[in-house]
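K.L.:
Please read through the structure below; I'll follow up with questions.
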Amino acid sequence: MLGPVILAASRSDQMRRVISAAPVTKPVVNRFIAGENVNETVPVVRDTTARGLEVTLDVLGEDITDASEALRARDAYLELIEALAPLGLGERAEMSVKLSSFGQALPGGHDLALKNVTPVVEAAAEIGTTVTLDMEDHTTVDSTLAIHADLRERFPRTGAVVQSYLFRTEDDCRMLAEAGSRVRLVKGAYKEPASVAYQNKAEVDKAYIRCLRILMEGEGYPMIGSHDPRIISITQELARRAGRKLDDYEFQMLYGIREAEQARLAAEGHRMRVYIAYGTDWYGYFMRRLAERPANLAFFLRSLATR
Ligand code: FDA
């Protein structure tokens, strides 16, 4: 199983230097990343929304080591929101943020991340949209959910993400499935120890369905972050049984992955949101995509071989 090896490499500075410098890397990275900056990304947002899809935008960056970098992350999101304002898309274009890029892992990081992310959530609300807090490794979950609860007092549309591979997540789903909440359910993309997370894919999938049931039967707005055809059809069935209309939940997929399926779900009348990442700090994000799927890795290796 190469997945865990690649996930370990996703946190290695040495591997970051080697892979980032490889001349073949860029065209492959471009399959998953919309652009290096906001000017390259806005046309992608226009094009995607013109095709009836919705978007969530992620300015790449994570694992920062200095408080000034957190301010750069904040300013990059403020620049993005300024660029989105004239498009008038409201919640059809929301933001996804990783609190680690806002300083969560630095000393005093919980308060620092809350302080730095708040202006972004405020600016998003001013243009009629919202922010979802991505979930990172398990050591950050309590802090991220506490920041989510704090932000929701003023900005109730702020979204949370839960990962079905963690043992704790069914309880978190029960806590979050309240009226007005927006909760993205994913399987989880980090390398986690057996003390906190299921290691076996079948168990992660079963836990996903248990969590899905809780969210669908709850009062919040479930956001189904998965490319898995089985999960998609079970979602449709559980939504029907829970009496939810097509706009009472949404599907979410990553930019560059299963585009035909994205179009098909939107054509069926589903809300389909594409997670669009951009920026120069793409290494961690790119490596998690390679780890998820042998075909993604094969694509990367083929492009190395055909040069
Ligand atoms: P999984 O990898 O389990 O594959 C199941 C099946 O789906 C495959 O057998 C295949 O049929 C299909 N499939 C999957 N990938 C495919 C591909 N590239 N091409 C074709 N078919 C494919 N994680 C996290 O820890 N924190 C977060 O905040 C987020 N946020 C997030 C947002 C959104 C919108 C998405 C879609 C995902 C995330 N993730 C995430 C990542 C998530 O945890 C997970 O790693 C990936 O979505 C992979 O799991 P899947 O459920 O998509 O399929």
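The values are calculated or read from the model by the stated rules, or taken from the named source; none is laboratory data. It should be emphasised that the depicted structure is a prediction, and the values quoted were computed from it without experimental measurement. Virtual Cβ from ideal backbone geometry, glycine too; neighbours counted across all protein chains shown.
K.L.:
In the stretch 131-166, how many residues are in a loop (DSSP other than H, G, I, E, B), under 20 Å from residue 80 (Cα atoms), within 15 Å of the ligand (Cβ to nearest atom) and without any contact (Cβ under 8 Å) to a residue 60 or more places away in the chain?
P.N.:
The qualifying residues number 1.
K.L.:
While we're looking at this one, here's another question. Answer yes if at least one residue in the stretch 87-94 is within 16 Å of the ligand (Cβ to nearest atom), without any contact (Cβ under 8 Å) to a residue 60 or more places away in the chain and surrounded by 15 or more Cβ atoms within 10 Å (Cβ to Cβ), and no otherwise.
P.N.:
Yes, the stretch 87-94 contains at least one residue that is within 16 Å of the ligand (Cβ to nearest atom), without any contact (Cβ under 8 Å) to a residue 60 or more places away in the chain and surrounded by 15 or more Cβ atoms within 10 Å (Cβ to Cβ).
K.L.:
Go through the stretch 198-234 and give me each residue that's of a type outside the set (S, T, N, Q), touching a Ser or Thr at 6+ places or on another chain (Cβ under 9 Å), outside any helix (DSSP H, G or I) and within 11 Å of the ligand (Cβ to nearest atom).
P.N.:
223, 224 - these are the residues of the stretch 198-234 that are of a type outside the set (S, T, N, Q), touching a Ser or Thr at 6+ places or on another chain (Cβ under 9 Å), outside any helix (DSSP H, G or I) and within 11 Å of the ligand (Cβ to nearest atom).
K.L.:
Return the pair list, or none, for Cβ contacts closer than 8 Å from residues in the stretch 177-190 that are within 16 Å of residue 216 (Cβ to Cβ) to residues that are near the ligand (Cβ under 6 Å from one of its atoms) and not in a strand (DSSP E or B), at least 6 apart or on different chains.
P.N.:
185/226; 186/135; 186/226
K.L.:
Follow-up question, since we're still on this one. Inspect all residues belonging to the stretch 57-68 and state whether any of them is more than 16 Å from the ligand (Cβ to nearest atom), under 19 Å from the mean Cα position of the chain (by Cα) and within 20 Å of residue 283 (Cα to Cα).
P.N.:
Yes, that holds for at least one residue.
K.L.:
Considering only residues that are near the ligand (Cβ under 8 Å from one of its atoms) and either on the phi > 0 side of the Ramachandran plot or of a type in the set (Lys, Arg) (or both), look in the stretch 272-293 and name the one that is surrounded by the fewest Cβ atoms within 10 Å (Cβ to Cβ).
P.N.:
Per the stated criteria, the residue is 293.
K.L.:
Okay, next question. Looking at the stretch 99-109, can you tell me whether even one residue there is farther than 18 Å from residue 284 by Cβ, buried (at least 22 other Cβ atoms within 10 Å of the Cβ) and at pLDDT 95 or above?
P.N.:
No, that holds for no residue.
K.L.:
So residue 240 clears everything in (1) part of a helix (DSSP H, G or I); (2) modelled with pLDDT of 95 or more; (3) within 13 Å of the ligand (Cβ to nearest atom); (4) not aromatic (Phe, Trp, Tyr) except one condition, right? Which one?
P.N.:
All conditions are met except number (3).
K.L.:
Given the conditions (1) within 11 Å of the ligand (Cβ to nearest atom); (2) part of a helix (DSSP H, G or I); (3) surrounded by 19 or more Cβ atoms within 10 Å (Cβ to Cβ), report the number of the one that residue 297 does not fulfil.
P.N.:
Residue 297 satisfies every listed condition except (3).
K.L.:
Of the residues in the stretch 172-197, how many are within 12 Å of the ligand (Cβ to nearest atom), assigned to a strand (DSSP E or B) and closer than 23 Å to residue 95 by Cα?
P.N.:
Result for the stretch 172-197: 4.
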